[in-house]
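Worksheet for the structure shown next.
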Amino acid sequence: MSSAGHRTYPTIDPNSIRWILATDCGSTTTKAILIEKVGDEYRQTQRGEAPTTVEEPFADVTVGVVNALTEIGELAGRRFIDEHGHIIRPATEKEGCDIYISTSSAGGGLQMMVAGVVAKMSAESAKRAALGAGAIVMDTIAANDKRKPHEQIQRIRELRPDMVLISGGTDGGNTQQVVQIAERIAPAKPRPRFGGEYQLPIIYAGNKEAAPQVREIFRNGFDLAVVDNLRPVLERENLGPARDKIHDVFLEHVMAHAPGYDKLISWADAPIMPTPGAVGDILQRIAARDKLNAVCVDIGGATTDVFSVFDGVFNRTVSANLGMSYSISNVCAEATMPNVLRWVHLDMDERELRNRVKNKMIRPTTIPQTLEALVFEQAVAREALRLAYQQHKEFATSLKGVQTQRTVGDVFTQDAGGGSIVDNMRLDLLVASGGVLSHAPRMEQTASMLIDSFEPEGFTTLAKDSIFMMPHLGVLASVHPEAAIHVFERDCLIILGTCIAPRGEGKFGKPCFSYRIVPTKGTAVTGALNVGDMKLVRLEGETAQVEIAPERGFDVGAGPGKPVTRTAKVGTVGIVLDARGRPLQLPATHAECKPLLQRWTSALELYA
């Protein structure tokens with residue numbers, strides 16, 4: 001076995017695997033799970049966690065890993081760590097595991113700078129590739145980003161990225177502009193984040209004609225890799241080669257230089273992946289297998305990640321300023337306090353709330369102890385999720401710069417291409433993850449937060465990641481897809497139910513739609529809702545046949561006023577009928593919102 005980054009991984013025979021250990025080394029907590037083969041299927045049986053130990057006094061990530069795996073061993077009554085602090089392999093009847101895999105976002109995860117010729121075209125493609133690989137994009141440099149060359153050079157010097165991705169020009173096109181971008185980056189000599197003893201990795205994914213000149217520019221002091229162009233022609237994005245190279249470089253450079261990672265890499269039976277990259281992978285696999293359009297959100301203390309797959313196209317965005325502890329005051333500032341209070345059905349003193357926000361920033365691990373604190377936290381979460389989804393929709397667009405055929409009605413719209421590919425009416429599955437969503441005291445609260453912030457339309461299945469194991473399953477899918485899918489369906493995803501909401505607006509109190517719901521067990525439920533109503537239908541069985549007949553002007557998927565019959569998943573919560581209209585329009589003042597919220601809160605039994 002050579003150096004940590006270039007190590008070769010064993011070929012794994014899926015049929016011989018019975019015990020799987022997986023860890024996710026987060027910025028504060030290292031989470032471990034045990035997956036066992038039970039009969040013919042794989043099940044997640046134990047979980048353990050321990051503080052992550054990247055920083056002093058330990059400065060060795062494997063200490064936290066060993067602690068988390070030791071806890072799992074105690075729970076499972078099986079020894080996984082030997083007296084020298086190493087993972088026991090291969091497994092016997094009494095001890096050890098067959099494979100060990102891991103993801104990581106410790107030490108701030110993967111941080112990148114991207115550059116391109118045109119901000120809305122090649123630079124945006126570079127950003128998509130970096131985000132899709134699980135990176136946080138620190139800045140995007142483009143020839144037309146309105147900064148003067150010296151300002152760009154100064155910015156490049158200030159950043160300490162883990163790597164830089166450069167793109168620009170279609171194959172065979174003009175080479176001059178992409179060469180100019182390279183000439184701006186090289187003299188700025190950006191330094192890598194971890195240690196000064198290694199060369200900063202640069203990935204070039206632009207016009208292949210310019211590759212020789214780019215090689216010459218980065219000849220000294222940089223580690224350059226050239227991959228296929230991100231935009232070989234204007235009409236097509238080719239993100240795969242750049243994403244794969246980002247993963248390789250992440251392992252070889254970033255991980256190998258972070259405290260204790262060389263040891264972790266030598267332990268793992270598959271390449272370590274950035275946590276968000278692994279979440280994106282499992283979502284894409286599920287969406288492809290079941291032919292679904294899916295959205296997954298992971299809301300954390302500092303950031304909110306949104307992942308989407310529409311018609312097989314994957315996108316991820318990181319809202320770095322929207323989180324529930326470190327960034328909670330940013331959420332309140334960006335959304336504004338009146339918008340947060342729209343979601344509060346109790347009387348609250350605004351001054352006291354501002355103190356509560358500051359306390360959460362100082363003590364990020366605290367959880368709400370009173371109903372008021374819980375209601376307020378979930379109100380902030382709705383705004384954080386709404387803003388993060390808005391940013392995601394603006395980023396997840398069809399390719400800009402591509403000429404599309406236009407009708408007379410389109411003549412007045414300037415942008416060629418660039419419309420959002422995220423369409424709530426075509427969204428099949430919405431998955432919640434992250435503390436405030438996963439650990440809400442009642443499943444109804446999680447469902448309600450998703451519905452209020454994402455505003456799904458038509459029929460949408462709502463689900464949550466039970467204990468945030470999507471990262472573990474994403475990396476497992478790279479070595480044993482069948483086991484990953486088994487565990488995803490049986491232990492990871494908890495189906496909350498189905499939200500049925502027509503698109504369209506109307507006057508509160510006027511008829512919106514009638515419904516007939518026939519469950520697999522029990523009797524049929526029929527009725528009608530007026531605009532502004534919500535109803536929770538609790539049912540037995542896993543699915544129900546649902547007929548919705550909307551009024552003229554309301555659409556549940558077949559067009560305005562047209563009825564729809566579909567099979568809906570019942571889940572743990574049931575079927576939520578939402579006749580509030582889309583887009584959701586709430587009154588401007590807290591006083592006007594409060595009676596409506598009280599009605600909806602009681603209809604969904606949120607705090608019953």
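What follows is calculated from the coordinates using simple rules that are stated; it is not laboratory data. These numbers were taken from a predicted model, which means no experiment stands behind them. Because the Cβ atoms are built from the backbone with ideal geometry, glycine has one as well, and the counts that use them run over all protein chains shown.
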Handout entry: Burial ranking of peptide ranges 160-173, 480-493 (average Cβ count within 10 Å, highest at the top)
Key = 160-173, 480-493
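Need the full-extension length gain, THR565 to LEU371, defined as separation in residues times 0.36 nm minus the C-alpha distance. One decimal, nm.
Roughly 66.0 nm would be gained on extension.
Could you size up the charge dipole of the chain around its Cα centre, putting +1 on the beta carbon of Lys and Arg and -1 on that of Asp and Glu, and report it in debye to the nearest 20?
1280
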Problem - Length gained when the stretch MET337-GLU83 is fully extended (0.36 nm per residue, less Cα-Cα span) - result: 86.0 nm
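Which of the three applies to the range 23-87, rounded, prolate or oblate, going by the alpha-carbon gyration tensor with a ≥ b ≥ c and a/c under 1.5 meaning rounded?
On the way: a/c = 2.94, a/b = 1.78, b/c = 1.65.
Judged from the Cα gyration tensor, the range 23-87 comes out prolate (a/c at least 1.5, a/b above b/c).
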Problem - Approximate spin-label separation GLN598-SER466, in nm, with each point projected 7 Å along Cα-to-Cβ - result: 3.9
Handout entry: the range 157-221-the range 292-338 distance, computed between alpha-carbon centres (Å)
Key = 30
Handout entry: Cα-projected label distance for GLU56 with ASP145, points at 7 Å along beta-carbon direction, nm
Key = 3.3
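Round to the nearest 0.05 the FRET efficiency obtained for LYS521 and ARG7 when R0 = 51 Å and r is the Cβ-Cβ distance.
The computed FRET efficiency comes out at 0.45.
When DSSP beta bridges are limited to those with both residues in the chain, what percentage is antiparallel, rounded to the nearest 5?
On the way: 66 of 107 bridges.
Looking only at bridges with both residues in the chain, the antiparallel portion is about 60 percent.
Kindly flag which residue pairs out of LYS37/LYS535; LYS360/LYS464; LYS120/LYS510 have an alpha-carbon separation exceeding 32 Å in this structure. Could you put the intermediate results ahead of the total?
On the way: LYS37/LYS535 41 Å; LYS360/LYS464 24 Å; LYS120/LYS510 44 Å.
The pairs that break the limit, which is 32 Å between Cα atoms, are LYS37/LYS535; LYS120/LYS510.
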Problem - Whole-Å distance, taken between Cα centres, linking the range 65-82 and the range 122-154 - result: 43
Handout entry: Per-residue ³J(HN,Hα) for the range 532-543, Karplus 6.51 cos²θ - 1.76 cosθ + 1.60, θ = phi - 60°, Hz, x for Gly and Pro
Key = x, 8, 9, 8, 9, 10, 8, 9, 8, x, 8, 9
Problem - Distance from the range 522-564 to the range 571-601 (C-alpha centre basis), Å - result: 16
Exercise for the section: Taking 7 Å along the Cα-to-C-beta vector as the label spot, tell me the TYR607-LYS94 distance in nanometres, rounded to one decimal. Expected result: 5.5
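Sorting check: for 517-529, 24-36, which peptide has the highest mean count of neighbouring beta carbons within 10 Å, and how do the rest follow?
Numbers: 517-529: 14.8, 24-36: 23.2.
Descending packing order for the listed peptides: 24-36, 517-529.
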Handout entry: Those aspartates and glutamates that a straight Cα-Cα span of less than 16 Å connects to LYS291, excepting residues fewer than 8 apart in one chain
Key = ASP281, ASP311, ASP423, ASP428, GLU489
Practice task
Subtract the Cα-Cα distance of GLN213 and GLN176 from 0.36 nm times their separation in residues, and report this length gain in nm to one decimal.
Solution key: 12.3 nm
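Rounded to the nearest 500, what is the 222 nm mean residue ellipticity of the chain from helices alone, with -39500 (n - 2.57) per DSSP H run of 4+ residues and division by all residues? Can you show the working numbers first?
Working: 17 runs with 186 residues, N = 608.
The per-residue figure over the chain is -9000 deg cm²/dmol.
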Exercise for the section: Once every Cα of the range 208-340 carries one equal point scatterer and solvent is ignored, give the base-10 log of I(q)/I(0) from the Debye formula at q = 0.15, 0.20, 0.22 Å⁻¹, two decimals. Expected result: -1.04, -1.21, -1.24
Handout entry: Cα shape, the range 109-238, gyration tensor, a/c 1.5 rule
Key = rounded
Fill in the blank from the handout: Taking a label point 7 Å from the Cα of ARG442 along Cα-to-Cβ, the residues of the range 452-474 whose backbone nitrogen sits under 16 Å from it are 452
Problem - Interchain or long-range residues, amide H under 5 Å from LEU110's placed H - result: ILE136
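Roughly what % of Cα-Cα distances in the chain sit above 49 Å, to the whole percent? Don't skip to the end; give the middle numbers.
On the way: 25278 of 184528 pairs.
Across the chain, Cα pairs with separations above 49 Å total 14 percent.
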